[in-house]
Amino acid sequence: MSSPAAPGTYAHTNDTPGALRIAASFARARAAGRAALVPYVVAGYPDAETSLRAAVAAIDAGADLLEVGLPYSDPLADGATLQRASSVALGNGASLERSLDLVRQIAAARPDTPVVVMGYANQIIGGGDGAETAGRLAGSGVAGLIIADLTPDEGRPFEAIAAASGIALVYLVAPTTAPARRAMIAARSGGFLYCVSLVGVTGARTSLPRTVARLVRDVRAVSPVPVAVGFGVSRPAHARALARAGADGIIVASALVDALGPDGTNVAAMARLVRALATATTDR
């Protein structure tokens, strides 16, 4: 059974216990000849109990890692679906403490699946240095952390804090990121590198950009950590195409929230989509 990451002294967030857990999940998927699947759930959507059922169902349907979004009132990188889900969760009492409790329950129920939390700088760092929140995340069983609006230019102090807490800090690159900058960001990222497939916010798309395969190849060529692709990924055909392009991981968010239905309770439908996506990642 896995335990929460232990605080310690690590030179890089990719050296932490959390990063090692993430790396092991990517390695298991790679050994099986497939890309790792990273489904996303919104903590507390539509309520605490249902979000836990959705998280466990996603893992049981084929998740290699699980991304948990922290509800936030100003989610700049999120499209309409995730904004709505976040708003509903907040309206139903979601908070950082309740989100941490959800992560603890997921970690207890499915200890072998690393949980990566996604949030924003105001939530994690706020007006301080983020050390208290990082410690609480690690204590709840979080392996990795994505701060969508934290750039490496501003992130080095928090990298040290994340490393001291034993968790990986995952950075993002986009199609507009210059090649030299991609390499710099990849070298700084812990656990994996989040490759944004398109210019824009999250949201299920009917198709991915024609240039995404080249983007994946170019980013992987400079990344010392696995490359997981997200934003717009919604269909098994997308997962299959990204796996064939060489993506190490595939992140699916808005499509899974949509699959939960208008009231967010259709966990069975969401699990069916996760299962179909997981099957598609094996088709390289």
**OP:** Name every residue in segment 165-181 that is surrounded by 21 or more Cβ atoms within 10 Å (Cβ to Cβ) and part of a helix (DSSP H, G or I), in order of residue number.
**Re:** Ser165
Original post:
Looking only at segment 70-107, which residues are modelled with pLDDT under 95, of a type in the set (S, T, N, Q) and not in a loop (DSSP other than H, G, I, E, B)?
Top reply: Thr81, Gln83, Ser86, Ser87
**OP:** Check Glu132 against each of (1) closer than 26 Å to Ser86 by Cα; (2) touching a residue at least 24 places away in the same chain (Cβ under 8 Å); (3) not in a loop (DSSP other than H, G, I, E, B) and name the one condition it does not meet.
**Re:** (2)
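I'd like to know if segment 8-20 contains one or more residues that are open to solvent by 10 Å² or more (accessible area, probe 1.4 Å), closer than 20 Å to Leu96 by Cα and in contact (Cβ under 8 Å) with a residue 60 or more places away in the chain. Full working, then the answer.
Filtering segment 8-20 down to residues open to solvent by 10 Å² or more (accessible area, probe 1.4 Å) leaves 8-12, 14-15, 17, 20.
Going one step further and asking which of them are closer than 20 Å to Leu96 by Cα, we end up with none.
Checked segment 8-20: no residue is open to solvent by 10 Å² or more (accessible area, probe 1.4 Å), closer than 20 Å to Leu96 by Cα and in contact (Cβ under 8 Å) with a residue 60 or more places away in the chain.
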Original post:
Does segment 251-270 hold any residues that are over 11 Å from Tyr40 (Cα atoms) and aliphatic (A, V, I, L, M), and which are they?
Top reply: Ala259, Leu260, Val267, Ala268, Ala269
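Please go through segment 256-270 and give me each residue that is on the phi < 0 side of the Ramachandran plot and open to solvent by 10 Å² or more (accessible area, probe 1.4 Å), ordered by number. Outline the logic, then answer.
Let us first name the residues in segment 256-270 that are on the phi < 0 side of the Ramachandran plot, namely 256-260, 262-263, 265-270.
Answer for segment 256-270, where residues must be on the phi < 0 side of the Ramachandran plot and open to solvent by 10 Å² or more (accessible area, probe 1.4 Å): Asp258, Ala259, Leu260, Pro262, Asp263, Thr265, Asn266, Val267, Ala268, Ala269.
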Original post:
List the pairs whose first member sits in segment 49-60 and is at pLDDT 95 or above, whose second member is open to solvent by less than 10 Å² (accessible area, probe 1.4 Å) and of a type in the set (Asp, Glu), and whose Cβ atoms are under 7 Å apart, counting only residues at least 6 apart or on separate chains?
Top reply: none
Original post:
Among (1) closer than 22 Å to Leu70 by Cβ; (2) in a helix (DSSP H, G or I), which single condition is Gly264 missing?
Top reply: (2)
**OP:** Scan (1) of a type outside the set (A, V, I, L, M); (2) without any contact (Cβ under 8 Å) to a residue 12 or more places away in the chain; (3) buried (at least 24 other Cβ atoms within 10 Å of the Cβ) for the single condition His238 breaks and write down its number.
**Re:** (2)
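For (1) within 17 Å of Leu20 (Cβ to Cβ); (2) open to solvent by 10 Å² or more (accessible area, probe 1.4 Å); (3) part of a loop (DSSP other than H, G, I, E, B); (4) among the hydroxyl-bearing types (Ser, Thr, Tyr), each residue gets a yes or a no:
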{"site": "Gly126", "(1), (2), (3), (4)": "no, yes, yes, no"}
{"site": "Leu137", "(1), (2), (3), (4)": "yes, no, no, no"}
{"site": "Leu145", "(1), (2), (3), (4)": "yes, no, no, no"}
{"site": "Ala160", "(1), (2), (3), (4)": "no, yes, no, no"}
{"site": "Ala163", "(1), (2), (3), (4)": "yes, no, no, no"}
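The values are calculated or read from the model by the stated rules, or taken from the named source; none is laboratory data. This is a predicted model, so every value here is computed, not measured. Note that we place each Cβ from the backbone using ideal geometry, even for glycine, and neighbour counts take in every protein chain shown. All accessible areas refer to the heavy atoms of the entire protein, side chains included, with ligands and DNA or RNA removed. Shrake-Rupley method; radii C 1.70, N 1.55, O 1.52, S 1.80 Å.
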